[in-house]
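J.: The structure that follows is given in the form of structure tokens.
The values are calculated or read from the model by the stated rules, or taken from the named source; none is laboratory data. Computed from a predicted model, the values in this text were never measured in an experiment. With ideal geometry, Cβ positions are generated from the backbone for all residues, glycine too; neighbour counts draw on all protein chains shown. Keep in mind that these areas ignore ligands, DNA and RNA; they rest on the heavy atoms of the full protein, side chains included. Shrake-Rupley method; radii C 1.70, N 1.55, O 1.52, S 1.80 Å.
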Amino acid sequence: MVGIILLSFTLVLIFLIFFFMRSTKEMPKNWSQFKSEIKLILLGTVALAEDILLRKYNKIELYKQPHKVALITGGNRGIGLRIVKKLIECEITVILGVRNPDEAKKTVEKYLEHHKLTGKLHYEKLDIGDMTSVKQFAEKVKEQFQQIHILINNAGVMSVPFRLTADGFESHMAINYVGHFLLTHLLMPLLRAAGTETSNARIINVSSCVHKVGEINYDDFNGIKNYYPADAYNQSKLAQVMFTRHLNIQFKLDGEHLQSHSLHPGVVNTDLFENSSTTYIPWIRKLLFKTPEQGAITVIYAAISPAIENDETTYFSNCRAASVHRFVKNSVQVEKLFRTTCDMLGIKDFFAA
């Protein structure tokens, strides 16, 4: 009798987790989509547990760095807004690449005013999913700045409906990966100019634990044949981590004063989940997920911590080195994706922008 009760309770719990923790509000339509959701739920459950168990490691000591310039994509909401706050606390000049600079300025300055912080903030228009906008943004930055010490590729989307951008890229890949790939390429001269023997310039890619269940589909890179939001998101996040690994391989070979890191900020309660079934029970997100303030910590750790100067760690979670997808460990695979992306964007020499 007890066994039957426990089994029934377990089945009900599994059903509730599946119903309320899916990446999309729509139910899976086939076995492949069902497997994708199960993988995400299992991975998300483990990530939630790690966020709780490793909470004591999720911390960073801020220090003044008034000579540095940081650039962040997004930055006017969610963890991005908290990242900007922490950079300003370090007296770092911050450039925000945002869709609507005027609205972003109102939001950010109101938030910083509440915290009684002031600092040098620059707002420029950027639609990271539009390659023309990325090029225009990079040119404006180059006109105003000679060095970028920290590049934080933060803007992103999750589980959005299928859409091809004007450049022909699926929106997850365009916004989460390809646009940031191009931006990093275009800003390479400013990053290289900022790095010194005692302080490397840093490139930070805000990824996710779900990269571990991602796959790079070279035959259907943009999901035209078989689109599922979770698969598209996972692929874009895996691409970010693979990109990070390739950058570090090349920086080491070339003896550059540059380093790159990707990271999982945690399962964070932001509007990134607006297309997921978690919107049905927002109180659970408030109860179990990290706050945006907590989610910003690992990003800042990767961006400024002296403890990881010259560190080649590809991927962090809760301010600690974490395991990665098998593709990330394979230098052939990461170079293949890198070359493929360069070809798609018409980049002949990524490191000589």
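J.: Could you compute the longest span of the chain free of GluC sites (Glu not before Pro) located in DSSP loops and having at most 16 other Cβ atoms within 10 Å, not counting the site residues?
T.: Longest gap between qualifying sites, sites excluded: 62-196.
J.: Provide the gained length on full extension for the span residue 336 to residue 219, in nm with one decimal, where the gain is 0.36 nm per separating residue minus the Cα-Cα distance.
T.: Length difference between fully extended and current span is 40.8 nm.
J.: At 0.36 nm per residue, and after removing the present C-alpha to C-alpha distance, how many nm does the segment from residue 109 to residue 63 gain when stretched out fully?
T.: 14.4 nm
J.: While we're looking at this one, here's another question. Once phi is turned into ³J(HN,Hα) by the Karplus curve 6.51 cos²θ - 1.76 cosθ + 1.60 with θ = phi - 60°, what whole-Hz value does each residue of segment 104-119 show in order, with x for glycine and proline?
T.: Once θ is set to phi - 60°, the couplings for segment 104-119 become 4, 4, 4, 5, 5, 5, 5, 5, 5, 5, 4, 9, 6, 10, 10, x Hz.
J.: Over the chain, calculate the relative contact order: mean separation of alpha carbon pairs under 8 Å at least 6 apart, over the residue count, as a percent.
T.: Reported relative contact order: 20 percent.
J.: Given a cut-off of 24 Å, name the pairs among 68/336; 86/120; 225/329 whose C-alpha atoms lie farther apart than that in the structure shown.
T.: Distance filter (> 24 Å) returns 68/336; 225/329.
J.: Less than 11 Å Cβ to Cβ from residue 140, Lys/Arg counted +1 and Asp/Glu -1: what total charge do the surrounding residues give?
T.: After counting each charged neighbour, the total is 0.
J.: Please list, in chain and number order, the residues 5+ apart from residue 95 or on another chain whose amide H is under 5 Å from its amide H, with Hs placed from the backbone.
T.: It is 70, 71, 72, 122, by chain and number.
J.: Another question, if that's okay. Which chymotrypsin sites (Phe, Trp or Tyr not before Pro) in segment 198-257 pass both tests, a DSSP loop state and at most 16 other beta-carbon atoms within 10 Å?
T.: 227
J.: By DSSP, what percent of the beta bridges with both residues in the chain are antiparallel, rounded to the nearest 5?
T.: Restricted to the chain, the bridges split so that about 10 percent are antiparallel.
J.: So, for the chain, what is the accessible surface per residue at a probe of 1.4 Å, expressed in square angstrom?
T.: 47 Å²
J.: To the nearest 20 debye, what is the magnitude of the charge dipole of the chain about its Cα centre, counting +1 on the Cβ of each Lys and Arg and -1 on the Cβ of each Asp and Glu?
T.: For the chain, the charge dipole is close to 700 debye.
J.: Mind listing the phi-derived Karplus ³J(HN,Hα) values for segment 188-199, rounded to whole Hz, using 6.51, -1.76 and 1.60 with θ = phi - 60°, and x for any glycine or proline?
T.: Ordered by residue, 3J(HN,Hα) equals 4, x, 6, 5, 5, 5, 7, x, 10, 5, 9, 8 Hz.
J.: Report the net charge of residues surrounding residue 218, where surrounding means a beta-carbon distance below 13 angstrom and charges are Lys +1, Arg +1, Asp -1, Glu -1.
T.: -1
J.: While we're looking at this one, here's another question. For the chain, with the dipole built from +1 on Lys and Arg beta-carbon atoms and -1 on Asp and Glu ones, taken about the Cα centre, which of 296, 241, 314 lies farthest toward the positive end?
T.: Farthest towards the positive pole: 296.
J.: Using Cα atoms only, what is the angle between the long axis of helix 31-53 and the major principal axis of the chain, expressed in degrees (0 to 90) to the nearest 10?
T.: 70 degrees
J.: Could you give me the ³J(HN,Hα) list for segment 147-158, computed from phi with Karplus coefficients 6.51, -1.76, 1.60 and θ = phi - 60°, whole Hz, x at Gly and Pro?
T.: The phi angles translate into 9, 10, 7, 9, 10, 10, 7, 10, 4, x, 10, 9 Hz.
J.: So how tilted is helix 2-20 from the main axis of the chain? Cα-based, degrees 0 to 90, rounded to 10.
T.: Relative to the chain, helix 2-20 is tipped by roughly 40 degrees.
J.: Determine the sum of side-chain charges near residue 165: Lys and Arg each +1, Asp and Glu each -1, restricted to other residues whose C-beta is under 12 angstrom from that of residue 165.
T.: -3
J.: Let me ask something else. If eta is 1.002 mPa s and T is 20 °C, what Stokes-Einstein diffusion coefficient results for the chain, Kirkwood Rh from Cα pairs, in µm²/s?
T.: Stokes-Einstein gives a translational diffusion coefficient of 104 µm²/s.
J.: What figure in square angstrom, to the nearest 10, would you give for the accessible area of residue 114 with a 1.4 Å probe?
T.: Accessible area, nearest 10 Å²: 140 Å².
J.: Among 295, 78, 119, determine the one that fluctuates most according to a GNM of the chain built with springs between C-alpha atoms less than 10 Å apart.
T.: Residue with maximal mean-square fluctuation among 295, 78, 119: 119.
J.: State which stretch of the chain is the longest one without any exposed trypsin sites (Lys or Arg not before Pro), exposure meaning a DSSP loop state and at most 14 other Cβ atoms within 10 Å.
T.: It works out to 226-347.
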